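The values are calculated or read from the model by the stated rules, or taken from the named source; none is laboratory data. Note that the structure is predicted; figures quoted are calculated from it, not measured. Neighbour counts are summed over all protein chains in view; Cβ atoms, including those assigned to glycine, are modelled from backbone coordinates with ideal geometry.
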């Protein structure tokens with residue numbers, strides 16, 4: 001595993017592995033034990049430009065390549081991930097503090113999305129559209145946008161980089177990828193290495209490891225990329241969208257959430273508890289779809305709460321390398337401090353801590369809070385950590401109002417003994433995704449993924465990738481002579 005952090009601690013520009021030329025280094029730390037994994041000299045504005053120019057040069061020939069030939073690259077990349085799966089899992093555990101369960105989950109989904117990219121290469125179709133003009137043939141082509149800039153987050157960096165990079169490439173585009181500073185290997189250079197070894201033409205995919213303190217808005221303002229695919233916070237997403245709109249670029253934004261898991265009065269309580277605990281605490285709660293809020297009908301609240309608290313107390317926190325560990329470290333000290341401050345603020349506002357986890361360095365144990373005041377800002381914001389808010393409600397009308405009382409609209413779930421009651425409930429919630437009798441954390445390669453309100457713009461996965469990473473071109477052909485009024 002250590003070779004990944006030595007060999008890949010570089011920029012990948014125009015098919016070459018090379019150090020950045022910035023004046024300082026990004027230090028890659030293991031969030032659990034503080035071990036220094038890598039030191040990477042950052043990329044400058046000039047290197048961002050080189051990366052985009054490289055992608056633009058290589059893209060023309062790639063777009064003209066037979067899609068069946070393009071497809072072979074993704075088939076090879078999939079085989080490489082399968083061959084290196086154990087090594088990659090160890091890198092995920094070391095770099096972002098993911099548990100073994102989480103690493104397996106992320107790798108499983110990454111492989112599924114690569115399988116979809118194999119098919120996506122053949123998905124673009126043109127069509128002939130009728131014309132009111134005699135002898136005119138209207139051809140509508142779907143063509144690559146050109147170059148896509150991808151900015152990936154720290155929580156599922158390998159998956160969420162591949163999720164945009166692979167479809168953009170499959171559809172004939174060039175790509176420049178900027179991973180999060182806390183996960184430069186998993187989210188950046190490891191992805192480049194896999195595609196390099198899979199035979200992707202040099203220069204087509206570039207990785208720049210850098211920081212906005214060095215490059216400012218250069219990554220999104222650069223004239224080459226026509227689309228910026230960003231996954232991260234709504235605050236940064238708003239800025240990305242503003243800059244892109246001012247430059248007539250398309251932005252695809254997968255942002256934060258404040259999802260609710262709702263337990264109706266006829267739910268299977270034991271099953272709902274299992275779903276809620278997973279939905280809140282998977283990967284230490286550092287998941288945009290996580291169930292920040294658990295809403296329970298008052299008629300079953302006592303039973304649910306007792307069982308929920310009991311299960312949370314069984315979650316083992318500690319070394320993510322231990323197969324028994326469920327709660328590993330959060331990504332860095334600022335996240336740990338923010339989570340602790342959230343719990344302290346809730347208690348100061350009058351909340352009751354049914355479970356009050358301690359914080360040691362970056363290891364934040366689970367907390368369960370109830371009696372959070374209805375007007376608390378905490379109930380309307382994203383909490384990116386292992387903290388659950390239990391909220392009782394009286395009847396479905398109140399539940400719908402509470403679920404929608406947030407600026408976000410990403411995911412959610414409802415538990416009920418009546419499937420159609422659950423579907424009717426789901427239709428009333430202002431989210432891009434909602435699940436009946438399941439958890440809130442789901443992603444599948446052909447189902448449109450994305451949110452409403454502050455949770456983002458656009459969709460990813462399946463057919464929606466065509467909308468995100470291609471554009472439409474109309475070419476008309478006049479058979480015979482056209483008539484003109486003068």
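Taken together, the residues in segment 365-403 that are touching a helix residue (DSSP H, G or I) at 6+ places or on another chain (Cβ under 6 Å) and not in a strand (DSSP E or B) amount to 7.
Okay, residues lined up against (1) more than 16 Å from residue 178 (Cβ to Cβ); (2) surrounded by fewer than 16 Cβ atoms within 10 Å (Cβ to Cβ); (3) touching a strand residue (DSSP E or B) at 6+ places or on another chain (Cβ under 9 Å); (4) assigned by TED's automatic domain parsing to the domain that holds residue 195:
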site	(1), (2), (3), (4)
7	yes, yes, yes, yes
10	no, no, yes, yes
16	yes, yes, no, yes
22	no, no, yes, yes
34	yes, yes, no, yes
39	yes, yes, yes, yes
44	no, no, no, yes
48	no, no, yes, yes
52	no, no, yes, yes
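Checked against the criteria, residue 344 does not count as in contact with a strand residue (DSSP E or B) (Cβ under 8 Å, 6 or more places away or on another chain) and at pLDDT 95 or above.
The residue list 246, 259 contains one member that is surrounded by 23 or more Cβ atoms within 10 Å (Cβ to Cβ) and at pLDDT 95 or above, which is 259.
Of all residues in segment 459-486, those that are in a loop (DSSP other than H, G, I, E, B) and buried (at least 19 other Cβ atoms within 10 Å of the Cβ) total 2. In the set (1) over 25 Å from residue 13 (Cα atoms); (2) crowded, with 18+ Cβ neighbours inside 10 Å, residue 125 fails one condition alone, (2). In summary, helices (runs of 4 or more DSSP H) completely within segment 153-259 and bearing 3 or more residues that are within 29 Å of residue 411 (Cα to Cα) and more than 18 Å from the chain's Cα centre (by Cα) occur at 234-246.
Taking strands (runs of 3 or more DSSP E) as the structural unit, those lying wholly within segment 1-86 and holding at least 1 residues that are in contact with a helix residue (DSSP H, G or I) (Cβ under 6 Å, 6 or more places away or on another chain) and modelled with pLDDT of 95 or more correspond to 11-13, 36-41.
Selection of segment 373-393 for residues being surrounded by fewer than 18 Cβ atoms within 10 Å (Cβ to Cβ) and within 22 Å of the chain's Cα centre (by Cα) yields 380, 381. Considering 349, 396, 337, the condition of being over 17 Å from residue 429 (Cα atoms), in the same structural domain as residue 304 (by TED's automatic domain parsing) and more than 24 Å from the chain's Cα centre (by Cα) is satisfied by 349 alone. Could you please tell me which pairs satisfy a Cβ distance under 6 Å, a separation of 6+ or placement on different chains, a first residue in segment 163-187 that is not assigned by TED's automatic domain parsing to the domain that holds residue 43, and a second residue that is outside any strand (DSSP E or B) and at pLDDT 95 or above? Filtered contacts from segment 163-187: no entries.
Just give me the residues in segment 356-375 being touching a residue at least 40 places away in the same chain (Cβ under 8 Å) and touching a strand residue (DSSP E or B) at 6+ places or on another chain (Cβ under 7 Å), in sequence order. Residues satisfying the conditions are 357, 363, 365, 366, 368, 370.
Per-residue answers, yes or no, for (1) touching a residue at least 60 places away in the same chain (Cβ under 8 Å); (2) on the phi < 0 side of the Ramachandran plot:
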| site | (1), (2) |
| --- | --- |
| 14 | yes, no |
| 19 | no, yes |
| 30 | yes, yes |
| 48 | yes, yes |
| 64 | no, yes |
| 77 | yes, yes |
| 80 | yes, yes |
| 91 | yes, yes |
